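What follows is a short report on a single structure.
Please treat every number below as a calculation from the coordinates, not as lab data. This one's a predicted model, so the numbers in the text were calculated from it and none came from an experiment. So basically every Cβ, Gly included, is an ideal-geometry build from the backbone, and we count neighbours across all protein chains shown.
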Amino acid sequence: MIQSRLIRSYWKRRLYLRYSPFYEKRFLFRLIKTTVLLVALILIHTAGMMALEKMSIGNALWLSITTVTTVGYGDYSAATWQGRVVTAVFLYIFAITLLAQLAAEFFDYRTLIRNRKIKGLWRWEDMKNHLLIINTPNDNTEQYLLHLIEQIRSTPELEAIPIQILTRKYEKGLPDSISSKGVVHHRGVAENNDNLQAANVATAKFIILIATDATDPISDSLTFDVLSRIRDIGTNATIIVEVSQDINRERMKKLGADVVIRPVRAYPELLVRSLVATGTEEVLENLFIHEDDHMIRLDFFFNEKVWADIVCRFVTADAGIPMAYINETGVHVNPPPNITCSGTGIILLIKATQHVTVKDAENCLL
């Protein structure tokens, strides 16, 4: 029973060490030590062939390499018994064994690195000018991230930018749907300077700080903490922050946020647009609030009007800004200015203080 516990304890500790930075450094040291020892044996054998077999340095080195790699072309070989003993001892017994061990160590190390990258334990030291997404929504995480990343990749200015996610989720690795788009992650809490540094906040080009819960004010407190840590570390990135409470907007901006936006989970496009055209988020957000600028639809018939002329007439009459016209084929948003159109209605952008009627619209087009 005690022996069984000891065995389980040993393997648990070995598994832990396998994914610890200490084990990784020890692993590299062992690789280097084995490589140096192998090279030393090859050089000793080369010197022995030069002394005992009277070979040139090139031929002696060629014999050593072809022998230790078990290629064995047979074009050169030891003729004296002393040379054969040196070959047997230094190459057959030690060097070939070391080469096999080195190959095994190398593949183990590659497997170790691959597992650390998959599990979000790897530090991408050379990553810079990337887009860093900090935190993930608690609900529908994969669906939201996939939609957000698809929007990023479909934006010409961002289609090739490296993307990294800092999140406490995905212990077993990112879903294939996300990782297949060239996205990596570092697993850990964002309220930790070491994790923020591991995700390379200092060298990021863009940082998106997502509210874990779009309706919970506590999310703003956590975001405030992360933002203050980013400021302490230092970065030149454009920082976009989600807030659930409008009262916290100014606090976030004072801490260095370039863009502060409400979480709109159904439309991550708002985040993406604010990345490439800062300020557009205020226009887009404004349209969601009826007390500010908003859209109205006016149904009336008009015929053979140039769109640029329609817009000019409405703006001049202070009757709003035409955004689209409607006809039997559907809604036509922001049509070309020189198009001649007929329709059964117009969609206007008006201010909260404006009141535009169908009669006003008809008078604009007389």
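Can you compute the modelled spin-label distance between residue 299 and residue 351, with each label point 7 Å from Cα toward Cβ, in nm?
3.0
Please state, rounded to one decimal and in Å, the Kirkwood hydrodynamic radius that region 131-286 gives when every pair of distinct Cα atoms enters the mean of 1/r.
Details: mean 1/r = 0.0650 Å⁻¹.
Over region 131-286, the inverse of the mean reciprocal pair distance is 15.4 Å.
Return a whole-number percent for the relative contact order of region 294-364, with Cα pairs under 8 Å and 6 or more residues apart as the contact set.
Details: 129 pairs, mean separation 33.2, N = 71.
47 percent.
By a straight-distance test (C-alpha under 24 Å), which lysines pair with residue 305 as possible cross-link partners, with residues fewer than eight away in the same chain excluded?
In chain and number order, the partners are 359.
Take a quick pass over region 131-286 and tell me how many lysine pairs come in under 25 angstrom between Cα atoms, counting only ones 8 or more apart or on separate chains.
Details: 169/181; 169/205; 172/181; 181/205; 205/253; 205/254.
The number of close lysine pairs in region 131-286 is 6.
I want the antiparallel fraction of DSSP beta bridges within the chain, as a percent rounded to 5. Kindly include the intermediate steps, with their values, before the conclusion.
Details: 18 of 38 bridges.
So the antiparallel bridges amount to about 45 percent of the total.
At most 11 other Cβ atoms within 10 Å and a DSSP loop assignment: could you name the trypsin sites (Lys or Arg not before Pro) in region 152-244 that fit? Don't skip to the end; give the middle numbers.
Working: sites: 153, 168, 169, 172, 181, 187, 205, 229, 231; in loops: 168, 169, 172, 181, 205.
The qualifying sites are 172.
Amide H neighbours of residue 260 under 5 Å, at least 5 residues apart or on other chains, H built in the peptide plane: list them.
241
What does the net charge come to around residue 82 if you take all other residues with beta carbon closer than 13 Å to its beta carbon, with K and R at +1 and D and E at -1? Each step should come with its number before you reach the end.
Numbers: positive: 54, 84; negative: 53.
Result for the neighbourhood of residue 82: +1.
Give the Rg (one decimal place) followed by the Dmax (whole number) of region 294-364, computed from C-alpha coordinates and expressed in Å.
Answer for region 294-364, Rg first and Dmax second: 10.9, 32 Å.
I want to verify the translational diffusion coefficient of region 202-335 in µm²/s; compute it with Stokes-Einstein, Rh as the Kirkwood radius over Cα pairs, at 10 °C and 1.306 mPa s. List each step's numbers first, then the result.
On the way: Rh = 17.5 Å.
Result for D is 91 µm²/s.
Using Cα centres only, tell me the gap between region 40-57 and region 153-201 in whole Å.
52
Just one of [x] 33.5, 113; [y] 22.6, 72; [z] 21.0, 62 is Rg and Dmax of the Cα atoms in Å calculated from these coordinates, so which is it?
Read-out taken from this structure: [x].
Please build a GNM for the chain, connecting alpha carbons under 10 Å apart, and tell me which residue among 35, 66, 223 fluctuates the most.
Maximum among the listed residues: 66.
What residues have an amide H closer than 5 Å to that of residue 121, excluding those fewer than 5 places away on the same chain, when H is modeled at 1.01 Å from N in the peptide plane?
The list, which skips near neighbours in sequence, is 187.
Loop only per DSSP, at most 10 neighbouring Cβ atoms within 10 Å: give me the chymotrypsin sites (Phe, Trp or Tyr not before Pro) in region 295-366, ordered by residue number.
Here no chymotrypsin sites (Phe, Trp or Tyr not before Pro) fit, given the DSSP loop and packing criteria.
Restricting to DSSP loop positions (anything but H, G, I, E, B) with no more than 12 other Cβ atoms inside 10 Å of their own Cβ, which GluC sites (Glu not before Pro) remain in region 157-253?
Working: sites: 157, 159, 171, 191, 242, 250; in loops: 157, 159, 171, 191.
Here the sparse-neighbourhood loop sites are 157, 159, 171.
Would you mind checking which residues have amide H under 5 Å from residue 163's amide H? H placed 1.01 Å from N; only 5 or more apart, or other chain.
131, 184
Given the options 219, 64, 177, state which has the largest fluctuation in a GNM of the chain using a 10 Å cut-off (strictly under) for Cα springs.
Largest GNM mean-square fluctuation: 64.
List the relative contact order of the chain as a percent without decimals, with contacts defined as Cα pairs under 8 Å and 6+ residues apart. Numbers along the way, then the final one.
Numbers: 541 pairs, mean separation 37.2, N = 366.
Over the chain, the number comes to 10 percent.
Give me the one-decimal nm value for the distance between modelled label points at residue 358 and residue 160, 7 Å along each residue's Cα-to-Cβ direction.
For residue 358 paired with residue 160, the spin-label model returns 5.4 nm.
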